[in-house]
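This report concerns only the one structure given below.
The values are calculated or read from the model by the stated rules, or taken from the named source; none is laboratory data. Keep in mind it's a predicted model, so treat the numbers as computed, not measured. Don't worry about glycine lacking a Cβ; one is built from the backbone with ideal geometry, like all the others, and counts go over all protein chains shown. Each accessible area value is taken on the protein alone, full model and side chains, heavy atoms only, with ligands, DNA and RNA left out. Shrake-Rupley method; radii C 1.70, N 1.55, O 1.52, S 1.80 Å.
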Amino acid sequence: MCMKKNRIKLLFPITAVLLLFACIMGGCGIGTSETTRLRDLEFTVISEERLPDELKALIAERQNAEFKITYTDNEYLYICVGYGEQATGGYSITVNDLYLTDNSIYISTSLLGPSPEDRVGTSPSYPYIVVKTEYLDKTVVFE
């Protein structure tokens with residue numbers, strides 16, 4: 001019986017070390033390729049006049065609230081970010097980053113408010129941006 005207890009006492013630390021090692025080694029590959037930047041994507045900011053009609057309709061339906069949508073015509077990928085209703089005009093949006101990883105396309109944008117010197121109307125505005133890039137069959141992650 002004493003021998004059984006010694007085996008159990010010895011088996012527990014070995015098992016714990018092996019499990020810890022497996023978790024650490026298995027975890028090394030999890031998520032790393034997801035955010036490893038492969039390359040920046042070239043893009044064009046598209047004005048409302050140049051949007052496909054179907055995309056215009058989608059944006060019009062969603063413009064009152066924040067939205068993040070993608071649209072493709074199988075030639076290009078359109079990535080749209082809207083910031084919902086703002087109290088006045090004078091807002092602009094910048095693209096901070098647009099890049100490709102193994103599994104996804106990442107985009108980061110920022111809403112910039114009007115400066116104190118800007119003359120803005122009192123009517124609400126609905127700022128959004130549409131960027132057009134090459135068509136890639138990847139999930140878009142909005143940061």
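See the values below:
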item: Matching entry among Tyr83, Tyr99 (being at negative phi, over 11 Å from the mean Cα position of the chain (by Cα) and modelled with pLDDT of 95 or more); result: Tyr83
item: Flag for Leu100 being hydrophobic (A, V, I, L, M, F, W, C), out of contact with any Lys or Arg (no Cβ under 7 Å at 6 or more places or on another chain) and open to solvent by less than 70 Å² (accessible area, probe 1.4 Å); result: no
item: Total residues in region 106-121, condition assigned to a loop (DSSP other than H, G, I, E, B) and closer than 20 Å to Glu66 by Cα; result: 2
item: Test for Tyr71: is it touching a helix residue (DSSP H, G or I) at 6+ places or on another chain (Cβ under 9 Å), at negative phi and either of a type in the set (Phe, Trp, Tyr) or at pLDDT below 90 (or both); result: yes
item: Residues being within 27 Å of Glu117 (Cβ to Cβ) and in contact with a Gly (Cβ under 6 Å, 6 or more places away or on another chain) - total across region 67-90; result: 1
item: Residues (farther than 13 Å from Lys68 by Cα, open to solvent by 80 Å² or more (accessible area, probe 1.4 Å) and in contact with a strand residue (DSSP E or B) (Cβ under 6 Å, 6 or more places away or on another chain)) located in region 125-143; result: Tyr135
item: Output for region 107-124, where each listed residue is surrounded by 17 or more Cβ atoms within 10 Å (Cβ to Cβ) and among the hydroxyl-bearing types (Ser, Thr, Tyr); result: Thr109
item: Residue satisfying all of: in region 23-51; at pLDDT below 95, open to solvent by less than 60 Å² (accessible area, probe 1.4 Å) and on the phi < 0 side of the Ramachandran plot; farthest from the chain's Cα centre (by Cα) among these; result: Gly26
item: Total residues in region 65-93, condition open to solvent by less than 50 Å² (accessible area, probe 1.4 Å) and within 16 Å of Thr44 (Cβ to Cβ); result: 7
item: Scope region 48-83; condition β-branched (Val, Ile, Thr) and touching a Phe, Trp or Tyr at 6+ places or on another chain (Cβ under 7 Å); matching residues; result: Ile59, Thr70, Thr72, Val81
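Conditions (1) out of contact with any Ser or Thr (no Cβ under 9 Å at 6 or more places or on another chain); (2) more than 17 Å from Glu143 (Cα to Cα), marked per residue:
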site	(1), (2)
Thr36	no, no
Glu42	no, yes
Ile46	yes, yes
Pro52	yes, yes
Ala65	yes, yes
Ile69	yes, no
Glu75	yes, yes
Tyr78	no, no
Gly89	no, yes
